Amino acid sequence: MTPAEAIEAARAVAARLREDAVARDRANQPPRAEIALLRESGLLAVDPDDHATTHTVTRIVSAADASIGHILGYHYLHLWRVALYDNAELVRTLRQEVVEDRLFVAAVSNPRNTVRTTLSGDGLTVSGRGAFATGCAVADRLFVSASRDDGTAHLVVLLRGGAHGLSHPPDWDNLGQRLTTSGSIVFDDVRAGLGDVVGTFPVDEDATSPRWLRLSLVALAFQAVLTQILVGLVEGAIDEAARYTREHSRPWPASGLDRAVDDPHVLAGYGELAATLRAARLLADDATRAFAEADARGLELTPAERGRAARAISAGKVVATRLATEATNRVFEFTGARSTARSAGLDRFWRDARTLTLHDPVVYKARELGTFLLTGEDPPVTAYS
């Protein structure tokens, strides 16, 4: 699938998701039908190393349904990041299977998880519990980040969805992002072969090594993808609100106007949001370019180059986060009291934005940018930066 074909497919998927987005959000069911739609569209097979295309596809789908855009963006991210690890043959085989069988991939990688691996015969077992396991309940394959039971290393293991001992408690009933199945995941001595280990990382690995620096791009990848999801969500909120204003909103009596679309306050309000959205979109695309350039450096990536990418991504995340919470709230001022009806569904954008923007505190991204401005110090390498 070419980039142009992928973008066209994304638009078709978004149009389909938009048709019943309100009903699906309200039903709060695992997104099996939505995964089938992504499978049929061919979007699961888009080249995960083509960040410009995968990020654009993610944003387009997120505008229609931020939950589905979220799990699709993470699918690409996980397929990209495993190529940074040790088991090249496993990565090659998996990517081939994704293209041929249109598999959906998710991962358990929350840094606060308590998942452990234990050597057992000619393989290993995975035990413990994870949280915020986005997409895992409907995944064909999932990557699990776990600690070795002796505490000497961290591992990434590939498991099949539905493996014996793997369960997903039905505990995801959050304010927004309701179709991401981002609840808990439990591993009860889940078996895996030694060949299913994608990568192994000693706990005392040299933080200045080229491999470590390259692996640190994973945290930036998450931030760049989340930024595109937030921008897409705002696009969807503004488009849906504008449609409601054109078709349903009534002018306020004191305006002396016959149509809400002629109210100068409404026009200026939408104009301000449109201008800020354009700025956020440009920053998000700049973040994607910066990330792609850092990724292309491979093992030659320098700390300064990583720092430039981190700052570009933080800038995009700060603006997209602020706009997401502002725009999804302000659109109600331009649509009117009747737009708060559940049937209108405009609340889903605010709920999704509020949930996504709490992924990690954006104030720390702003602090990173302020620190560089005042001291020249680049953002620290953490699980979120």
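The values are calculated or read from the model by the stated rules, or taken from the named source; none is laboratory data. As the structure is a computational prediction, the values presented were derived from the model and not from experiment. Quick reminder, even Gly has a Cβ in these numbers, built from the backbone with ideal geometry, and neighbours come from all protein chains shown. Quick note on the areas: whole protein, heavy atoms, side chains included, nothing else; ligands and nucleic acids left out. Shrake-Rupley method; radii C 1.70, N 1.55, O 1.52, S 1.80 Å.
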Exercise for the section: Mind listing the long-range amide H neighbours of VAL198? Cut-off is under 5 Å, sequence gap 5 or more, other chains count too, H placed in the peptide plane at 1.01 Å from N. Expected result: VAL156, VAL157, LEU158
Practice task
Evaluate E = 1/(1 + (r/R0)^6) for THR382 and GLN29, where r is the Cβ-Cβ distance and R0 equals 35 Å; express this FRET efficiency to the nearest 0.05.
Solution key: 0.50
Problem - Space enclosed by the convex hull of the alpha-carbon atoms of the stretch 248-339, per residue, Å³ - result: 94
Completion exercise
Scalar couplings 3J(HN,Hα) for the stretch 284-300 by Karplus 6.51 cos²θ - 1.76 cosθ + 1.60 (θ = phi - 60°), nearest whole Hz, x for Gly and Pro, are 5, 5, 5, 5, 4, 4, 5, 5, 4, 5, 5, 4, 5, 6, x, 6, 8
Completion exercise
For the HIS164, ALA292 Cβ pair and Förster radius 35 Å, calculated FRET efficiency rounded to 0.05 is 0.35
Exercise for the section: Mind checking the full-extension length gain between ALA304 and ARG278? Use 0.36 nm per residue of separation minus the Cα-Cα distance, one decimal, nm. Expected result: 6.5 nm
Fill in the blank from the handout: Relative to the chain, whose Cα atoms define the longest principal axis, helix 362-375 and its Cα axis are tilted in degrees, nearest 10, by 80
Handout entry: Theoretical FRET efficiency, 1/(1+(r/R0)^6), r = Cβ-Cβ of ASP20 and THR93, R0 30 Å, to 0.05
Key = 0.25
Practice task
Arrange the peptides 303-315, 267-279, 183-195, 220-232 so that the one whose residues have, on average, the most other Cβ atoms within 10 Å appears first.
Solution key: 220-232, 303-315, 183-195, 267-279
Completion exercise
Low-density loop trypsin sites (Lys or Arg not before Pro), the stretch 38-122, at most 16 other Cβ within 10 Å, DSSP non-H/G/I/E/B, are ARG112
Problem - Charged-residue dipole, Cβ positions (Lys, Arg, Asp, Glu), the stretch 286-375 about Cα centre, Debye nearest 20 - result: 320
Exercise for the section: Compare the peptides 375-383, 333-341 by average per-residue count of other Cβ atoms within 10 angstrom and give them in order, highest first. Expected result: 333-341, 375-383
Fill in the blank from the handout: Rounded to the nearest Å, the spacing of the alpha-carbon centers of the stretch 4-27 and the stretch 58-134 is 23
Exercise for the section: Compare THR200, THR181 by solvent-accessible area with a 1.4 Å probe and give them largest first, with all protein chains kept in place. Expected result: THR200, THR181
Practice task
Return P(r) of the chain (all Cα-Cα pairs; 20 Å bins starting at 0; whole %; ordered from short to long distances).
Solution key: 28, 56, 15, 1, 0
Exercise for the section: Could you rank the peptides 201-210, 158-167 by their average count of other C-beta atoms within 10 Å per residue, with the highest value first? Expected result: 158-167, 201-210
